[in-house]
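Quick notes on the structure that follows.
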Amino acid sequence: MEKTTYNFTPLPGYENFEATTQILIAEILRRKLPFEIIDSNNNLIAVTYNNKQYIILEGTISDANSLIAYWISNDKWMSRQFLEREGLSVAQGLLLTDRPSAQELEQVKFPAVVKPVDTDHGIAVSTNITNQEELNKAIENAFKHAKRVIVEQFFSGQEYRFLVIDGQVRAIAYRVPANVTGDGKQTISQLVEQKNKGRGTDYRHPLLKIVIDDEVRRHLQAMSLDENSVLDLGQQVFLRQNSNLSTGGDSIDVTDEMPDFYKQVAVRAAKAGELNIAGIDIIINDLNTMPSDESYIVVELNAPAMLSMHDFPYVGKNRRVEKYVLDSILNSK
């Protein structure tokens, strides 16, 4: 893997757009295509090509994906059903439409994961839940953000984001959960503050700041740590289980190292949801073992596919995926 230093620089004149939109606008400018900013607050633009107009929201939401494909991907439970139809592996799960009864909770096997059906960016997602008390709290929190909640079996492994465009994998990022590494002097809170330098508080930056919240405190408590603990020199501690970049995770490019088996899984997952542009989240148990249907689960389909993690990873090369995305959009009519 070619290692590069994270070096994102906002596009001059377009700094208020999300990084993914900035990247796409830069490609439009390179091609010298006429375009219009419709609503900068909502990252909404229009580009003209061959006398046709293409509306693009947040860099990737466009006519390249149908409305039904977007709907499928926006509902985690619906996505599961389409993935299962394709014969892809998903975690065993239970859908809750109301506060669960004791009988329903008896079906839950620990460790478990709780997540709202239709939120993004890891909001109210709790992972590696090991007991009934944690489960009840996680479900209660998830219902604050959605009317339906999924409880599923925890699958051990590492999470990867596959960017699939028109049936081809163009980039893969290993998303590492928010973490800090000790120096023998600073507290976890101080290490977080230090690592947050250069990161943003929103998606105008490819990497976001780490926030110490209840999920982080729960995770630390399970390791007999808290935010005031001082870590030994070189000791790395993960602050949460989920690896969303929105919660301070790191992106590492692994496009060249990924076995073809999992690339084909990602392509099948995008096809299952009828997505031409898709971010496919897959947890893989161990890349060093022989790939099989038991060695992975597909976690999510994402029609809004974040491009900045692939162009400006924490570690790795710039995959310049915007050219493939723009081609897909401009070929959609």
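Per-structure values
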item: Answer from Val149, Val125 - the residue that is within 17 Å of the chain's Cα centre (by Cα) and closer than 30 Å to Val267 by Cα; result: Val125
item: In region 66-98, residue surrounded by the most Cβ atoms within 10 Å (Cβ to Cβ) [restricted to those that are of a type in the set (Phe, Trp, Tyr) and touching a residue at least 60 places away in the same chain (Cβ under 8 Å)]; result: Phe82
item: Tabulated pairs, region 35-61, first acidic (Asp, Glu), second in a helix (DSSP H, G or I), C-beta under 9 angstrom, 6+ apart or interchain; result: Glu58/Thr20; Glu58/Thr21; Glu58/Asn42
item: Matching residues, region 1-55, being of a type in the set (S, T, N, Q) and touching a strand residue (DSSP E or B) at 6+ places or on another chain (Cβ under 9 Å); result: Thr4, Thr5, Thr21, Asn42, Asn43, Thr48, Gln53
item: Qualifying positions in region 259-274 - open to solvent by 10 Å² or more (accessible area, probe 1.4 Å) and either in contact with a strand residue (DSSP E or B) (Cβ under 7 Å, 6 or more places away or on another chain) or without any contact (Cβ under 8 Å) to a residue 12 or more places away in the chain (or both); result: Asp260, Lys263, Gln264, Val267
item: So Gln158, is it touching a Phe, Trp or Tyr at 6+ places or on another chain (Cβ under 9 Å) and either under 16 Å from Arg218 (Cβ atoms) or crowded, with 18+ Cβ neighbours inside 10 Å (or both); result: no
item: Ser332 being over 20 Å from Ala69 (Cα atoms) and either modelled with pLDDT of 95 or more or not assigned by the TED database to the domain that holds His205 (or both); result: no
item: Residues satisfying the stated conditions in region 9-39, i.e. over 15 Å from Leu307 (Cβ atoms) and either of a type in the set (Val, Ile, Thr) or surrounded by 12 or more Cβ atoms within 10 Å (Cβ to Cβ) (or both); result: Thr9, Asn16, Leu29, Arg31, Leu33, Phe35, Ile37, Ile38
item: Residues satisfying the stated conditions in region 128-146, i.e. more than 19 Å from the chain's Cα centre (by Cα) and surrounded by 15 or more Cβ atoms within 10 Å (Cβ to Cβ); result: Ile129, Glu134, Leu135, Asn136, Lys137, Ala138, Ile139, Asn141, Phe143
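The values are calculated or read from the model by the stated rules, or taken from the named source; none is laboratory data. The model shown is predicted, which means the values in this text are computed figures rather than measured ones. Heads up, the Cβs are rebuilt from the backbone with ideal geometry, glycines too, and the neighbour counts pull from every protein chain shown. Note: accessible area is taken over every heavy atom of the protein model, side chains too, but ligands, DNA and RNA are not part of it. Shrake-Rupley method; radii C 1.70, N 1.55, O 1.52, S 1.80 Å.
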